[in-house]
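> Have a look at this one before I ask anything.
The values are calculated or read from the model by the stated rules, or taken from the named source; none is laboratory data. Quick caveat: nothing in here was measured; it's all calculated off a predicted structure. Don't worry about glycine lacking a Cβ; one is built from the backbone with ideal geometry, like all the others, and counts go over all protein chains shown. For accessibility, only protein heavy atoms count, side chains too; no ligands or nucleic acids. Shrake-Rupley method; radii C 1.70, N 1.55, O 1.52, S 1.80 Å.
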Amino acid sequence: MAFLLRPTKRKNILMTNISKFEITLPKGYVNVFKYPELSIVLATIITNAICSYILFTRDPNSFLYYGDAVSHLVIARTIFDSILPGLAQLGTTWLPITHIMLLPFVTNDFLFHTGLAGAIVSTGCSAITNLALYRIVKMQFSSAHLGLLASALYLMNPSVIYMEITPMMEAPFMMFFMVSVYYLQKWWYYYHNNIWKQYRTLIKCALAISAATLTRYEGWILPFGIMLSVFIVMMITKREVWRYRVEAIMTFVGSCSFAGIIIWIVWNFVTEKDPLYFATAASSSTYPFAYFFKSDPIKSFSIIFEVAKAMYGLPVLILAGLGIASYLYMNKSSKLFPFSLLTLVVLMMPILFEFIAMVQGSLEIYPTNTEGSWYNGRYLIFLAPFLIFVSVSLVKIIINKRKKMLTIIAVALVIESWMFAILIQNLDRIKVVAMNDAFSELQFTKESQMSIDTSNALKQLYVGGNILLFTESQQGHLIMLNSNLPLKDFIDIGSGMYWDISKDNPWIYGDYIVLNEYPSSEDKSDLTYKAYSQWLTSKYDDLLTKSVSIGNVLYSPYHIVYDNGFYVILKRSYR
Amino acid sequence: MHRRVEILSMNLASMIILIFAAFTTAIFLLLDFLLMYLSAIIFMQNPRLEDVSNDEKELVPDFKLPIISILLPVYREEITLPYLIESIANSDYPKDKLDIRILVEHDDHPTIKTIMSLPYKAGQTDDSGIKYNLFGLPKTIRVWRGIDIQIDYIYLNPPGARTKPNSLNKGLSNARGSIVTIYDAEDRPEPDQLRKVAVYMLKHPEVACAQARLSCYNSDQSLLTKLFSIEYIEHFLILLPALYSLKKVVLLGGTSNFIRIEVIRNLKGWKTDNVTEDADLGVRLARLGYNVVPINSTTWEEATPKLYPWIRQRTRWNKGFLYTWSKHFKNPMRLIHDIGFSSTLFLFYYLIAPLTYFISIIGWILFIAYWINFVGILSTEPLAGWIQDAYTANSLVFYASILSFIFGIVYDPFVAAEALFKQGDSYSLKKVKYVFLMPFYLYLQILPSILAIIELFIKPKHWRKTYHGFSVKTNEEEEHPYDKYI
């Protein structure tokens, strides 16, 4: 079949013998070229470990800058350490895979309280992501050396590194996304007439996509994108004449790639009796500035470009532009061009999702009052594999010229451009976009500090009993994590029947109440606030003055034992 | 507090049953999943469906080929029998090396009538192709390609003993071939099957038995036949070759198994008290250390397209499996000694499957009833109330039910898809869209499983006849001869 993209065929078109550039190492050194995949995994782990160590020694809370990170740790922990332990603690707002992956590590108190549990999970994911990137590049350019270069570049951006050592969903998502891209590319690259071999590759892609859809909502575009790619490749590029082959692949692989979404909808239905609860619940994010970008693709694009510039530096973006052109030029033949275009589109899919979401008005990335700070700027780390891929393709086109000096210059230029960011930003929490993102809202930071103070006070005041959290969910999670108290002693919105009873009759279970007196406007959109707001307004005095009789039991009122202006801690007057 | 008191006061026995049911379900399904998927994976790494190339087949001259005794046990198969005879006659095997024996009950007049009509169907114009015995019944008939077929009549008393193994033993006593095989009336073996197996067994004297693949030729007739054929592809393309690769006990199908005559005589034929004599034979062969291989040749057969005959068929199979289990697991240590631990484990699980279906459906009912009630679609009280109490009292029950449900939903479509893509032809790929119905097909087994468990105690040796010929087109105005059984 003339149109099959077998490696031998591509070799004639693209591959160049670059063995003459191999480096000869003296005896006693480990040759990374001999064990490239192991080297990549080890290099990723070591890099992340070093960065974790630096950040941790600089500030033990380094992994917990994001409010979301704290919530992920707490949610994972509450699955077994909660007043009502169980899978229901996974909730319906955040997708569950990250919490499930964190589960074995949050059992350890030290790993849980420091957030290192997340560093371990994210580092593992990062290693696999990097491996997938290596394999994609190696397959595309028939060169392990270029694969190694791509992997090295992946470890050179501080924002990417930070997001891959924190307990956030970005690292697991990147892993599943890159694994799915790898298998998709493997499928069309070694397109096989044997349908079973096609199936074996695509099913892995579909399962990775399914996992991605259960990790971040950005992943929900992937099943559509991938199935469209499969259809285009099979029907148009490969001109499959047997309809049943296409039908079988599309049916089964398609269904499997949508399985994650279906599972999530079913989960929402069985736990909240509303299949779209995750989208409609008031606890879902609100976007006060979204109107700014809505239906304005140019504004949205310019913001994304600005953040990308801040995160990667202008040299990388210029190189990427050249890289895209060179990649498409290298594959300009009619047989290869559609695949090249598909590769680029697939690699850009998560960022395309962000772009579409901004234009559609359900996402916002915007500059905050702080200099160089971008709210949600961290999402631009999803662009890293794409930028690396096109940067490497620029090196590839120069390698094809067979000029040793030019190649060395190109490699040096690419590495230098990528190192630019790390040299300038240097893990500085103000300069690194992903770290600064966590500090983007001053008010939020202040509230977080108040939460930490409250949790410290709670730690000292607590002598036993249940603690009722009348606070916004994320701040509540921060108090839970920072107080070092067993999570089973807390009652919050995830506590099922205990919460249902306590929100109206706090006296029954609440020996302590942590109450957010001055909720921010963002807090007011939170479901928890809506449930407890009555205690801030009409019934606040009841808590302090009124004895309540329920059944035959007389419950005493509370008294204030701590007040920092944001939070008060109430303690039951007597038992 | 009230709630807790209520929970504590619930019937302890029912709670224990619920916990047991949900857990057993989960464990069985987990084991099923692991076994099937591991076998699938192993099969993918090491495909071991024995085969003979065309060149190898042609290299062996006709005179070196062994005589094959083909036993055709039939009862009320007047519709399907001619097709079987025609397909055997179309075989490329030399006719003088065929010892074809129709095993028919002496009073099965419709079938005997059909047998007598075969020479005419084969193109003869007079009765010179039929030789009669002393009772005026046909003794031999001459059909297509001038092949002579022997008719063996079964006289057994009482009529309840009219079972396939009884017929087979009768046929075995008269067989003159060195290899014996069985075809059911609804079978259509591939034309080169006999030669392929004969050459393979000539080349491999250590092999005692070869099992050909079974597939359904009427797979598009109804949804049931589609699912039936997917099940067969899973079984013969994934499970058996995987077991063979692992050198584990290879379970035999009811037909198209080729056994050396000295082996089957050494085993004293088929067990007449077992309604799945094939399963029993497979275990006995394994226990005595005989080699059984799956071979890459297909016999096409009819899948029952309607629910009632399907239930009858599955009831017999399930009863037979349980019976075989009860016989061979009387002394499990001995069985482990004979076939090894992993084979014993697999066999235990496979033969006990009817019980698994029964148990797992309880888990499913628990789970579905709980959620239906929870979501509020339908009030399933009082069942849901008890279940909720059990779940609240012990969250392990809840998780076991979830496990059971998820495995039930997930594993079978995956294994089925694996098999269908492995086969990769239009026949199988067209069925991929139905794999998501396989869990429901699996749970359709519940009724035959219950019937089988009941029958096992009431009439363990009763043979529920599976009626065939539903895929054969009859005149629309004419009543189908088997309609009265449905």
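> Based on this model, can you work out whether residue A:263 counts as out of contact with any Asp or Glu (no Cβ under 8 Å at 6 or more places or on another chain), within 13 Å of chain B (Cβ to nearest Cβ) and not small (Gly, Ala, Ser)? Working first, answer last.
Details: out of contact with any Asp or Glu (no Cβ under 8 Å at 6 or more places or on another chain): yes; within 13 Å of chain B (Cβ to nearest Cβ): yes; not small (Gly, Ala, Ser): yes.
So residue A:263 fits the description; yes.
> Please find, within the stretch B:430-458, the residue that is nearest to residue A:255 (Cα to Cα) out of those that are within 14 Å of chain A (Cβ to nearest Cβ) and open to solvent by less than 80 Å² (accessible area, probe 1.4 Å).
Going residue by residue through the stretch B:430-458, those that are within 14 Å of chain A (Cβ to nearest Cβ) are B:430-439.
Still in the list and also open to solvent by less than 80 Å² (accessible area, probe 1.4 Å): B:431-432, B:434-439.
Numbers: B:431: 15, B:432: 11, B:434: 12, B:435: 11, B:436: 9, B:437: 13, B:438: 15, B:439: 16 Å.
For the stretch B:430-458, the residue satisfying everything is B:436.
> I would also like to ask the following. Any residue at all in the stretch B:384-400 that is at pLDDT 70 or above, over 27 Å from residue B:307 (Cβ atoms) and surrounded by fewer than 20 Cβ atoms within 10 Å (Cβ to Cβ)? Please lay out each step first, then the result.
Looking only at the stretch B:384-400, we keep the residues that are at pLDDT 70 or above, and these are none.
Checked against the condition, which is being at pLDDT 70 or above, over 27 Å from residue B:307 (Cβ atoms) and surrounded by fewer than 20 Cβ atoms within 10 Å (Cβ to Cβ), the stretch B:384-400 yields no hits at all.
> If we scan the stretch A:249-260, do we find a residue that is assigned to a loop (DSSP other than H, G, I, E, B), of a type in the set (Phe, Trp, Tyr) and over 29 Å from residue A:118 (Cα atoms)?
If we filter the stretch A:249-260 for residues that are assigned to a loop (DSSP other than H, G, I, E, B), which is where we start, we get none.
No, that holds for no residue.
> Among what's in the stretch A:170-224 and is outside any helix (DSSP H, G or I) and open to solvent by less than 10 Å² (accessible area, probe 1.4 Å), pick the residue that is farthest from the other protein chains (Cβ to nearest Cβ). Let's see the steps before the verdict.
In the first step, residues of the stretch A:170-224 are kept if they are outside any helix (DSSP H, G or I); the result is A:190-194, A:214-216.
When the remaining residues are screened for being open to solvent by less than 10 Å² (accessible area, probe 1.4 Å), the result is A:191, A:215.
Values: A:191: 15, A:215: 19 Å.
Residue satisfying both the conditions and the ranking: A:215.
> Let me ask another. Residue check, residue B:169 against (1) in contact with a strand residue (DSSP E or B) (Cβ under 9 Å, 6 or more places away or on another chain); (2) surrounded by 17 or more Cβ atoms within 10 Å (Cβ to Cβ); (3) of a type in the set (S, T, N, Q), all met but one. Which one?
Here residue B:169 clears every test but (1).
> Moving on to the next point. Scanning the stretch B:419-429 for residues that are more than 8 Å from chain A (Cβ to nearest Cβ) and out of contact with any Leu (no Cβ under 7 Å at 6 or more places or on another chain), which turns out most open to solvent (accessible area, probe 1.4 Å)?
Ranking the candidates gives B:425 first.
One line per residue, one yes/no per condition, for (1) within 20 Å of residue B:52 (Cβ to Cβ); (2) of a type in the set (S, T, N, Q); (3) open to solvent by 30 Å² or more (accessible area, probe 1.4 Å):
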position: B:199; (1), (2), (3): yes, no, no
position: B:205; (1), (2), (3): yes, no, yes
position: B:230; (1), (2), (3): no, no, no
position: B:236; (1), (2), (3): yes, no, no
position: B:275; (1), (2), (3): no, no, no
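> Can you tell which of A:86, A:67 is under 19 Å from the mean Cα position of the chain (by Cα), open to solvent by less than 40 Å² (accessible area, probe 1.4 Å) and assigned by TED's automatic domain parsing to the domain that holds residue A:106?
On inspection, the qualifying residue turns out to be A:67.
> May I pose another question? Does the stretch A:410-428 hold any residues that are polar (S, T, N, Q), in contact with a helix residue (DSSP H, G or I) (Cβ under 6 Å, 6 or more places away or on another chain) and either modelled with pLDDT of 85 or more or surrounded by fewer than 19 Cβ atoms within 10 Å (Cβ to Cβ) (or both), and which are they?
Residues of the stretch A:410-428 polar (S, T, N, Q): A:417, A:425-426.
Next cut, in contact with a helix residue (DSSP H, G or I) (Cβ under 6 Å, 6 or more places away or on another chain) only: A:417, A:425.
Across the stretch A:410-428, the qualifying residue is only A:417.
> Working carefully through the options A:401, A:431, A:459, A:446, find the one that is in the same structural domain as residue A:566 (by TED's automatic domain parsing) and at pLDDT below 85.
Numbers: A:401 fails: in the same structural domain as residue A:566 (by TED's automatic domain parsing); A:431 fails: in the same structural domain as residue A:566 (by TED's automatic domain parsing); A:459 fails: at pLDDT below 85.
Only one candidate passes the filter, namely A:446.
> Determine which single condition residue B:241 fails, assuming it passes every other condition in (1) in a loop (DSSP other than H, G, I, E, B); (2) in contact with a strand residue (DSSP E or B) (Cβ under 7 Å, 6 or more places away or on another chain).
Of the numbered conditions (1) in a loop (DSSP other than H, G, I, E, B); (2) in contact with a strand residue (DSSP E or B) (Cβ under 7 Å, 6 or more places away or on another chain), the odd one out for residue B:241 is (1).
> Something else now. Can you name the residue in the stretch A:63-100 that is in contact with a Gly (Cβ under 8 Å, 6 or more places away or on another chain) and hydroxyl-bearing (Ser, Thr, Tyr) and is also nearest to the other protein chains (Cβ to nearest Cβ) among such residues?
Only one residue fits best here, namely A:82.
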